[in-house]
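A.B. asks: Take a look at the following structure, please.
What follows draws every value from the coordinates through simple rules; no lab data is involved. All figures in this text were calculated on a predicted structure; none of them were measured in a lab. In this analysis, Cβ positions are derived from the backbone assuming ideal geometry, glycine residues included, and neighbour counts consider all displayed protein chains.
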Amino acid sequence: MNYYDQTDIGYVNFFTNPDCSGLSWTFPEGPSFYNMAEMEKGFPNDDLSAIMVPYGHTLTIYTDDSLTGEAKVFDGLQDDNDRMICQKIYDEDRGDTSNFDDQTTSFTLTKNEYPGAVGSW
Ligand SMILES: [Ca+2]
């Protein structure tokens, strides 16, 4: 994986397996949003099971095309070594009842205006 400065531009990583393995693709932070046709240039429809979102960014996934259907929001997470953390789309261990596994059809990746305030729990 190539190094990048995630404060400049964000890249979200998509995976077909919940442990961030299997088929994968990297999408850069876009000026607008990714509809199904744009996502399918690199990643299959209705097959997303895990993501890595850069710290300071927010990923919103939708079950239908063009940001419609149900939505789910993920904030970027990183570990102590500034590496992105693998997040399952459907995490039953956290009592997640909204099963978004293998349903993602469109999404947005946006940079938070104040990244310093993100993840301060
Ligand atoms: Ca879908």
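A.B. asks: Could you give me the ³J(HN,Hα) list for segment 36-52, computed from phi with Karplus coefficients 6.51, -1.76, 1.60 and θ = phi - 60°, whole Hz, x at Gly and Pro?
C.D. replies: Listing the rounded values in order: 4, 4, 6, 5, 6, 5, x, 9, x, 5, 6, 9, 7, 10, 7, 9, 10 Hz.
A.B. asks: Would you work out the relative contact order for segment 11-112, in percent, from Cα pairs under 8 angstrom that are 6 or more residues apart? Could the numbers behind the result be given before it?
C.D. replies: On the way: 244 pairs, mean separation 35.3, N = 102.
Relative contact order for segment 11-112 comes out at 35 percent.
A.B. asks: Now, a different point. P(r) for segment 35-121: what percent of alpha-carbon pairs falls in each 5 Å bin, starting at zero?
C.D. replies: Histogramming segment 35-121 at 5 Å steps yields 3, 15, 22, 25, 19, 12, 4, 0 percent.
A.B. asks: Would you pull out the residues with amide H under 5 Å of Phe15's amide H, same chain only if 5 or more places away, H placed 1.01 Å from N?
C.D. replies: Under 5 Å from the amide H of Phe15: Ser49, Ala50.
A.B. asks: About the Cα centre of segment 37-110, what is the dipole size in debye to 20, counting +1 per Lys and Arg Cβ and -1 per Asp and Glu Cβ, all else neutral?
C.D. replies: On the way: 5 positive and 17 negative charges, 45 e Å.
The calculation lands at about 220 debye.
A.B. asks: Which value in deg cm²/dmol, rounded to the nearest 500, describes the helix-derived mean residue ellipticity at 222 nm for the chain, given -39,500 (n - 2.57) per DSSP H run of n ≥ 4 and division by the residue count?
C.D. replies: Working: 1 runs with 4 residues, N = 121.
Here the helix-only value at 222 nm equals -500 deg cm²/dmol.
A.B. asks: Of the candidates Asn45, Asn13, Asn81, which one comes out as most mobile in a Gaussian network treatment of the chain with C-alpha springs shorter than 10 Å?
C.D. replies: Top of the fluctuation ranking is Asn81.
A.B. asks: Taking K and R as +1 and D and E as -1, what net charge do the other residues with C-beta under 11 Å from the C-beta of Met36 add up to? Write out the running numbers ahead of the final one.
C.D. replies: Numbers: positive: Lys41; negative: Glu38, Glu40, Asp46, Asp64, Asp65.
Here the count lands on -4.
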